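The values are calculated or read from the model by the stated rules, or taken from the named source; none is laboratory data. All values reported here derive from a predicted model rather than from experimental measurement. Virtual Cβ from ideal backbone geometry, glycine too; neighbours counted across all protein chains shown.
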Amino acid sequence: MELVFDGIVTAWQLLISLDQELLAVTILSLKVSGLATFISVLIGILGGTCTVLAEFPGKRLLISLVNTSMGLPPVVVGLFVTIMLWRNGPLNMLDILYTPTAMVIAQTIIATPIVTGITIASLQSLPSNMKLQILALGASRIQMVWILIKEARLALLAGIMAGFGGVISEVGASIMVGGNIKGYTRVLTTATVMETSMGNFDKAIAFGLVLLLVCFIINYFLTRVQQKERLR
Amino acid sequence: MNHKAAVLEVKGLRVSRGGAETVNVPSFSLFSRETVALIGPNGSGKSSFLLSLACLLPSAEGDIFFNGELINRKKLTEYRRSLAMVFQEPLLFDTTVYKNVASGLIFRSVSPQEIRKRVESSMERFRISHLAERSARKLSGGEAQRTSLARAFATSPVLLLLDEPFAALDPPTRKNLTDDLALALRESEIATVMATHDQFDALYFADRLAVMQKGAIVQMDATFSVVKHPVNEFAAAFAGMENILKGSVLKAENGMFSMSVGNETIQVTGVRLPGEQVTVCIRPEQITLANSRPDRLLSGQNQFLCRIVRIITLGLYSRVYLECGFVLVSAVANQTVQNLELSHDGKVYALFDSSALHLLDG
């Protein structure tokens, strides 16, 4: 218990003193995971909407694959991205392994199926005649898609929260493709793992607490938006 | 009606869903200010037909002409902006009543001032002005369907498609909304197609009835003609001819024939050949009851001694279910039940004229 208490005290000191390393790691975490979530929201909502609205052979198989991918293990994604970007890999010319860009790519791969899967589920849960009603009201196809997304917005917000939660808290892919380089690719999760392995539990607890705080603040904000919409 | 140009004309419409043909309508016309009710049992293709009229079924084949112009892919949105469709479920958007009613106009990029004017007028017409700022999720079933109708009317459609819009409503709500819709239709030039299996709605609204069966329109005529001369069992039952009797022709002469029904023989006015299978129907109110056999039987009059199976009192009249070798239902005044001292398991004579029996086709 003393270990935990010391950790909390150290964390508090680091926080109130605005420790430069903690600040840099937190900002990078937010940048990488925020950008990955943003990209996955664009791809996921567009892809999910197209999947629901289009009729094509293999649609059910595709939805099953997306749903399965919602639980993609980050280390597997990390391994895949590392192989792709490795010096002998097919995308080696990009020369982005062990950079924040590689981390964004890996996290986007993790978050996209989550956002896509939730988009598909939320659009499919709308009344079956809703699309026809919108078109019958004279909407163009683009207007129809926009209204459907608006109608499913509460569930989509849950998808964004799940996607962000999935990537801000993952460590496997970030450590593999980012390399946990101090001041360059070190994020809250990789820093926590490193400090723990070095026995610096106080600093590890500090990083862990900040990670929890960041997750809480962002989810609190999104939940407020969601609940405000629901009660309107 | 046919002297006017049709607002909507359909030629060779066919719809297949899941490999089965659900609609096959070679031709259909609709004129300005008229209401056509599509009637038919569940699965007869009413909803699919309505959806294909709005060009909302990708699998539909055939030509749709709106004001004489063939609708093709390029004109689809423009065509849909001339119509409005109301479904059985209100299908409102998750926003305020006002914004729901305005939605069709927003899709058409109408100016905000015009939107306000038309939305307010439509909300007033359907008596929902006081709900303008309420969330559509917090409406009762009747309020939601009023909003759905107001949304449809706000766009000033030329063509209105109604898919059983009152089916999910309780009777008092339904009655109020029916009256408001009828008034709104009377005050407009809108041509309407309404799918329903409610007899009251069809008779109340329709200038013409189209009887649908297995995706095809088997009878389409002025409402009174369909009611008087239904072509099939569904239309007959819909028109209130609850007694539908099937049998084969035994003997035919002088514009009359006798047919066997169960173990009995019935006289029917009409021309059929001996051996032919026929179906006839008669309204319950056309069957009279008597305690004794009439002294003199008129030519063409049928009479049967029947056992009373059940008597149900419905307001001012009663329905008497009879077993006469075949089942008959008679509708008589409650006073008649008392005067004849009718009771369960008692005996009574059922009388009906051969000319009251209506022959169904096929």
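Looking at segment B:168-188, is at least one residue within 14 Å of another protein chain (Cβ to nearest Cβ) and either within 19 Å of B:A136 (Cα to Cα) or in contact with a strand residue (DSSP E or B) (Cβ under 6 Å, 6 or more places away or on another chain) (or both)?
Yes: segment B:168-188 contains one or more residues that are within 14 Å of another protein chain (Cβ to nearest Cβ) and either within 19 Å of B:A136 (Cα to Cα) or in contact with a strand residue (DSSP E or B) (Cβ under 6 Å, 6 or more places away or on another chain) (or both).
Looking for whichever is under 30 Å from B:S225 (Cβ atoms), within 14 Å of chain A (Cβ to nearest Cβ) and touching a strand residue (DSSP E or B) at 6+ places or on another chain (Cβ under 6 Å) here; the options are B:S44, B:S48, B:S27. Which one fits?
B:S48
Please identify the pairs in which a residue from segment A:83-105 that is on the phi > 0 side of the Ramachandran plot has its Cβ atom under 8 Å from the Cβ atom of a residue that is part of a helix (DSSP H, G or I) and of a type in the set (A, V, I, L, M), counting only partners at least 6 apart or on another chain.
Going by the 8 Å Cβ cut-off, the qualifying pairs are A:Y98/A:V177.
From A:S29, A:S17, grab the single residue that is polar (S, T, N, Q), modelled with pLDDT under 95 and closer than 23 Å to A:L211 by Cβ.
Being polar (S, T, N, Q), modelled with pLDDT under 95 and closer than 23 Å to A:L211 by Cβ holds for just one of A:S29, A:S17, which is A:S17.
Where in segment A:93-170 are there helices (runs of 4 or more DSSP H), lying wholly inside it, with at least 1 residues that are of a type in the set (G, A, S) and modelled with pLDDT under 95?
On the way: elements: A:100-124, A:130-136, A:141-151, A:153-168.
In segment A:93-170, the matching helices (runs of 4 or more DSSP H) lie at A:153-168.
Can you name every residue in segment B:198-220 that is over 10 Å from the mean Cα position of the chain (by Cα) and farther than 21 Å from B:P26 by Cβ?
B:D207
Looking at B:F65, is it in contact with an Asp or Glu (Cβ under 6 Å, 6 or more places away or on another chain) and either away from every other protein chain (no Cβ under 13 Å) or over 25 Å from B:V227 (Cβ atoms) (or both)?
yes
Just a yes or no: is a residue in segment B:84-106 in a loop (DSSP other than H, G, I, E, B), under 19 Å from A:Q143 (Cα atoms), under 28 Å from the mean Cα position of the chain (by Cα) and touching a residue at least 12 places away in the same chain (Cβ under 8 Å)?
yes
Those residues that are part of a helix (DSSP H, G or I) and polar (S, T, N, Q), I need them from segment B:107-122; list them, please.
Listed by number, the residues that qualify are B:Q113, B:S121, B:S122.
Could you say whether any residue in segment B:108-117 is under 23 Å from B:A168 (Cα atoms) and in contact with a helix residue (DSSP H, G or I) (Cβ under 9 Å, 6 or more places away or on another chain)?
No: zero hits.
Identify, by number, the condition in (1) of a type in the set (G, A, S); (2) farther than 18 Å from B:E143 by Cβ; (3) within 13 Å of another protein chain (Cβ to nearest Cβ) that B:A102 doesn't meet.
Status for B:A102: all satisfied but (2).
For segment A:171-201, enumerate the residues that are touching a residue at least 24 places away in the same chain (Cβ under 8 Å), surrounded by fewer than 19 Cβ atoms within 10 Å (Cβ to Cβ) and in a helix (DSSP H, G or I).
A:F201
Looking at segment B:133-142, is at least one residue away from every other protein chain (no Cβ under 13 Å) and of a type in the set (S, T, N, Q)?
Taking segment B:133-142 first, the residues away from every other protein chain (no Cβ under 13 Å) are B:139-142.
Subsequent filtering for residues that are of a type in the set (S, T, N, Q) retains B:140.
So far as segment B:133-142 goes, yes, one or more of its residues are away from every other protein chain (no Cβ under 13 Å) and of a type in the set (S, T, N, Q).
So is A:T51 under 22 Å from A:I168 (Cα atoms) and not hydrophobic (A, V, I, L, M, F, W, C) or not?
Against the criterion (under 22 Å from A:I168 (Cα atoms) and not hydrophobic (A, V, I, L, M, F, W, C)), A:T51 does not qualify.
Suppose we keep only residues that are within 19 Å of the chain's Cα centre (by Cα) and in a helix (DSSP H, G or I) within segment B:123-175. Which one would you say is surrounded by the most Cβ atoms within 10 Å (Cβ to Cβ)?
Only one residue tops the list, namely B:R174.
Which residues, counting only those in segment B:221-261, are more than 31 Å from the chain's Cα centre (by Cα) and either of a type outside the set (D, E, K, R) or closer than 14 Å to B:R208 by Cβ (or both)?
Answer for segment B:221-261, where residues must be more than 31 Å from the chain's Cα centre (by Cα) and either of a type outside the set (D, E, K, R) or closer than 14 Å to B:R208 by Cβ (or both): B:V249, B:L250, B:A252, B:N254, B:G255, B:M256, B:F257, B:S258, B:S260.
Only one of these is in the same structural domain as B:V23 (by TED's automatic domain parsing), touching an Asp or Glu at 6+ places or on another chain (Cβ under 9 Å) and not basic (K, R): B:S148, B:S188, B:S156, B:S140. Name it.
Exactly one residue qualifies, and that residue is B:S148.
Any chance you could count how many residues in segment B:109-122 are crowded, with 19+ Cβ neighbours inside 10 Å and either under 30 Å from the mean Cα position of the chain (by Cα) or within 13 Å of another protein chain (Cβ to nearest Cβ) (or both)? Write out each step before concluding.
Going through segment B:109-122, the residues crowded, with 19+ Cβ neighbours inside 10 Å turn out to be B:115, B:118-119, B:122.
Narrowing the set further to residues that are either under 30 Å from the mean Cα position of the chain (by Cα) or within 13 Å of another protein chain (Cβ to nearest Cβ) (or both) leaves B:122.
Result for segment B:109-122: 1.
Pairs, please: C-beta under 9 Å, at least 6 apart or cross-chain, first residue within 14 Å of chain B (Cβ to nearest Cβ) and in segment A:52-63, second loosely packed, with under 10 Cβ neighbours inside 10 Å and part of a loop (DSSP other than H, G, I, E, B)?
Going by the 9 Å Cβ cut-off, the qualifying pairs are A:E55/B:P58.
Give me the pairs: first residue in segment A:127-154 and within 7 Å of another protein chain (Cβ to nearest Cβ), second residue modelled with pLDDT under 95 and assigned to a helix (DSSP H, G or I), beta-carbon distance under 6 Å, and six or more apart or on different chains, which are they?
Every condition considered, the pairs that remain are A:S140/B:T77.
Only one of B:L70, B:L76 is more than 25 Å from the chain's Cα centre (by Cα), surrounded by fewer than 21 Cβ atoms within 10 Å (Cβ to Cβ), hydrophobic (A, V, I, L, M, F, W, C) and within 14 Å of chain A (Cβ to nearest Cβ). Can you tell me which?
Testing whether each residue is more than 25 Å from the chain's Cα centre (by Cα), surrounded by fewer than 21 Cβ atoms within 10 Å (Cβ to Cβ), hydrophobic (A, V, I, L, M, F, W, C) and within 14 Å of chain A (Cβ to nearest Cβ) leaves just B:L76.
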